[in-house]
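Working notes, beginning with the structure itself.
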Amino acid sequence: MIFEFHGFRNDVISISNTKIIYTGGYLIFNNKPNGVKLDIMDISRVVQGKKVILDHVTLTVNPCELVAIIGGSGAGKSTFMNCVNGFEPATSGQIIMDGLDLYSNYRVLKKRIGNVPQKDEVHDYLKVKDELLFTAKLRLTKDVSPSEIKKRVTDVLKIMDLYEHKETLIKKLSGGQRKRVSIAMELVSDPDIFFLDEPTSGLDPETETALMKQLKYLSSSIGKTILVITHTLQNIHLFDKIIFLAPGGKLCYYGSPERALDFFGVKALPDAYDKIKQNASYFIDKYKSMTAGYSAY
């Protein structure tokens with residue numbers, strides 16, 4: 001939609017998940033869900049004054065992509081995620097979310113971010129429907145009517161395949177169902193981007209596959225940008241990109257899972273962990289040389 005407006009050229013106004021741009025004497029906006037573009041620009045994190053735990057990482061995540069964050073112990077996966085979602089800002093570098101600096105605009109942009117921790121923060125003695133209603137009343141703005149809240153909760157229950165369990169106490173759900181409730185609690189406020197920390201931890205392979213397919217659906221069909229820390233690779237083919245971090249928070253690969261096999265010279269991605277352990281600097285330098293001027297290999 002377009003409205004006439006008098007302001008400064010290329011002003012940007014963000015209201016919830018709607019971005020409004022002033023240009024040529026008009027306000028132009030679109031509030032349809034279309035994911036988020038993240039430009040991660042040379043971010044580092046230093047602690048205790050000298051210890052580098054994230055080391056000059058640069059990459060771009062495109063809207064509606066499902067991206068895995070992988071790497072061995074000490075690779076800085078959680079540090080990277082916390083810097084990118086604004087929970088623990090990087091000590092240097094920038095995170096640009098749809099053209100806006102995340103750190104300087106965090107109060108506004110955090111409303112567009114959904115964060116699902118590894119440990120499910122749910123209430124065991126609430127029914128699934130009541131948990132989501134309670135969350136919606138806390139997070140949605142006061143001008144949202146009770147009927148709109150109820151409809152939003154119903155929509156989310158259906159999206160997350162929880163509708164048939166809406167009257168079930170959370171304590172009686174399976175591990176996979178509990179995790180879907182955790183995701184649904186974030187989805188109820190309709191964020192544009194999700195961060196999930198090991199969402200399949202402790203799940204059996206069948207349940208893990210079902211949950212990963214659910215995340216793929218949220219990105220490709222519902223229009224969410226999703227970043228996931230994961231240690232399990234059996235469903236890595238569902239991801240659009242993988243971020244492979246080496247010890248010390250160094251980026252050694254960013255690109256599709258398929259091309260990663262050629263990049264590391266392996267037949268199966270788990271074998272890449274051993275190669276990085278043996279000679280991480282080789283792959284860090286190889287990736288830098290192959291992606292000079294590009295955001296992903």
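The values are calculated or read from the model by the stated rules, or taken from the named source; none is laboratory data. Bear in mind that the values here come from a model prediction, so they are computed numbers and not experimental data. Counting neighbours? That spans all protein chains shown, and the Cβs are built from the backbone with ideal geometry, glycine included.
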> Considering ASP98, ASP143, ASP124, which residue is more than 22 Å from LEU173 (Cα to Cα) and loosely packed, with under 14 Cβ neighbours inside 10 Å?
Replying inline: ASP143
> If you check every pair at least six apart or on different chains, which have Cβ atoms under 9 Å apart with a residue in the range 257-279 that is surrounded by 15 or more Cβ atoms within 10 Å (Cβ to Cβ) first and a residue that is among the charged types (D, E, K, R) and assigned to a loop (DSSP other than H, G, I, E, B) second?
Replying inline: PRO257/ASP240; LEU261/LYS267
> Out of the range 179-202, which residues are in contact with a helix residue (DSSP H, G or I) (Cβ under 8 Å, 6 or more places away or on another chain) and surrounded by fewer than 19 Cβ atoms within 10 Å (Cβ to Cβ)?
Replying inline: GLY202
> Restricting attention to the range 151-178, and to residues there that are more than 23 Å from TYR217 (Cα to Cα) and not hydrophobic (A, V, I, L, M, F, W, C), which single residue is surrounded by the most Cβ atoms within 10 Å (Cβ to Cβ)?
Replying inline: THR168
> Under 6 Å by Cβ, and 6 or more places apart or on different chains, what pairs join a residue from the range 145-163 that is without any contact (Cβ under 8 Å) to a residue 12 or more places away in the chain and not assigned by TED's automatic domain parsing to the domain that holds LEU211 with one that is surrounded by 14 or more Cβ atoms within 10 Å (Cβ to Cβ) and not basic (Lys, Arg)?
Replying inline: TYR163/LEU157
> Restricting attention to the range 247-268, which residues are closer than 27 Å to ILE53 by Cβ, outside any loop (DSSP other than H, G, I, E, B) and of a type outside the set (D, E, K, R)?
Replying inline: LEU251, CYS252, TYR253, TYR254, GLY255, PRO257, ALA260, PHE263, PHE264
> Within the range 203-225, restricting attention to residues that are surrounded by fewer than 21 Cβ atoms within 10 Å (Cβ to Cβ) and acidic (Asp, Glu), which residue is farthest from PRO63 (Cα to Cα)?
Replying inline: ASP204
> Does any residue in the range 97-123 that is within 15 Å of PHE194 (Cα to Cα) and touching a residue at least 12 places away in the same chain (Cβ under 8 Å) come within less than 6 Å, Cβ to Cβ, of a residue that is crowded, with 17+ Cβ neighbours inside 10 Å and among the aromatic types (Phe, Trp, Tyr) six or more places away or on a different chain, and which pairs are these?
Replying inline: GLY114/PHE194; ASN115/PHE195
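Let's see how each residue does on (1) assigned to a strand (DSSP E or B); (2) touching a residue at least 24 places away in the same chain (Cβ under 8 Å):
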residue	(1), (2)
GLY176	no, yes
ARG180	no, yes
ASP190	no, yes
GLU206	no, no
LEU218	no, yes
LEU227	yes, yes
HIS237	no, no
